[in-house]
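The values are calculated or read from the model by the stated rules, or taken from the named source; none is laboratory data. All values reported here derive from a predicted model rather than from experimental measurement. Heads up, the Cβs are rebuilt from the backbone with ideal geometry, glycines too, and the neighbour counts pull from every protein chain shown. Each accessible area value is taken on the protein alone, full model and side chains, heavy atoms only, with ligands, DNA and RNA left out. Shrake-Rupley method; radii C 1.70, N 1.55, O 1.52, S 1.80 Å.
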Amino acid sequence: MDDPYKALGVAKTASQDEIKKAYRRIAKTDHPDLNSDPAATERFKAASSAYDLLKDPEQRARFDRGEIDAGGREKPNPRFYRDYAARGDNPYRNTQHGDFGEFSDIFSDLFGAGAEARGRSRGGASRGAQAQGFGAGPGFDDLNLRGPDHRFELEIGFMTAAKGGTTRITLPSGDSLEVKIPEGARDGQTIRLRGKGGPGYGQGGPGDALLTLHVADDPDWTREGDDIRRILPITLDQAILGGKVEAQTIGGPVAVSVPKGAQTGQRLRLKGRGIKGGDHYAELRVVMPPTIDDELARFMEEWRKTNSYEPDRRRPT
């Protein structure tokens, strides 16, 4: 980081409040606990170093005058440095373990009071922070943060979603897991696998794996909330005379009573035969015989002479 102002996205004339807000904005989007993208981690590291330099008005002024570099190190001037370091009121002699100060406010906002309290200790950077390249700088001493959550997409079959079941997945880490799909799972529903996300920082535990479910379409079944709709084909004589017909439900076949004069599109309700106590609707569809023989044709000709009728063609039946 050569230019701390650029790292924070502010002008050199920015106020201290503007600098703090810029750092908050970056921390809320790019902190490793919130964003696992390596580029975001690098932006956050640069912003953290920049904020550590600029949050102190006197240190900021020294940088602006060219006395120290972007890392807070003295520019070549041995005598000046010796004289300055010998001063009893020098606030920069121990920059590696300085006051958590402004950082605690920001991390308290992002991760709660627990992170703030953990961040106040002085014993050096946590192993998790060092592993991420944060070093032992101010604001990261013994900081213990929960690992980031990782999100994944998982497609499941219609019947698995309706009745529940299990499926096996392989995570990027190589771990193979058996995931339980709850009965009545919905498209877009998220399943949380605790402790299967990214590793924590310091003593923080791992994050979770979040599986967003996508329920595959099925040509035979239509879901309407917890209700199920399925086409039930019936013959011409069943439509006219009525009778018992076997209908498939998600729980298996059941006998359905088709009324006389049944119409295509008419729905028969099977209470409690849907998902988790929802209903099943058998939508009737009259199917003509595969062939029209002479006997059927002669019968219909005679029937039409005295029973012809016109359907309402303004709307489908």
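Expressed to the nearest 5 percent, the antiparallel share of DSSP beta bridges inside region 163-317 is 75 percent. Protein-only accessible surface at a 1.4 angstrom probe places the residues Leu177, Leu54 in the order Leu177, Leu54, largest first. By a 1.4 Å probe calculation restricted to protein chains, Lys12 has an accessible surface near 140 Å², given to the nearest 10.
Taking every alpha-carbon pair under 8 Å whose residues sit at least 6 apart, region 190-304 reaches a relative contact order of 21 percent.
Model label sites at Asp64 and Asp218, defined 7 Å from Cα along the beta-carbon direction, differ in position by 6.9 nm. Pairs over the 19 Å Cα-Cα cut-off, from the set Lys260/Lys305; Lys163/Lys244; Lys244/Lys271; Lys45/Lys75; Lys21/Lys45: Lys260/Lys305; Lys163/Lys244; Lys45/Lys75.
In region 226-291 the Cα-Cα distances spread across 5 Å bins starting at 0 as 4, 19, 30, 22, 14, 8, 3, 1, 0 percent of all pairs.
If you take the C-alpha gyration tensor of region 270-317, multiply each eigenvalue by 5 and take the square root, what semi-axes do you get, largest first, in whole Å? If you can, show how the numbers build up before the last one.
Details: eigenvalues 258, 56, 17 Å².
Largest first, region 270-317 gives 36, 17, 9 Å.
When only Cα pairs below 8 angstrom with a gap of at least 6 residues are kept, region 5-54 shows a relative contact order of 40 percent. Annotation: Ile181 carries an accessible surface of approximately 0 Å², with a 1.4 Å probe and no ligand, DNA or RNA atoms counted.
What ranking of Thr41, Thr13 comes out by heavy-atom accessible area, probe 1.4 Å, highest first?
Descending order: Thr13, Thr41.
Taken along its three principal axes, the alpha carbon spread of region 169-281 comes to 76, 22, 19 Å, from the longest extent down to the shortest.
The solvent-accessible area of Phe152, taken with every protein chain present and a 1.4 Å probe, is close to 50 Å².
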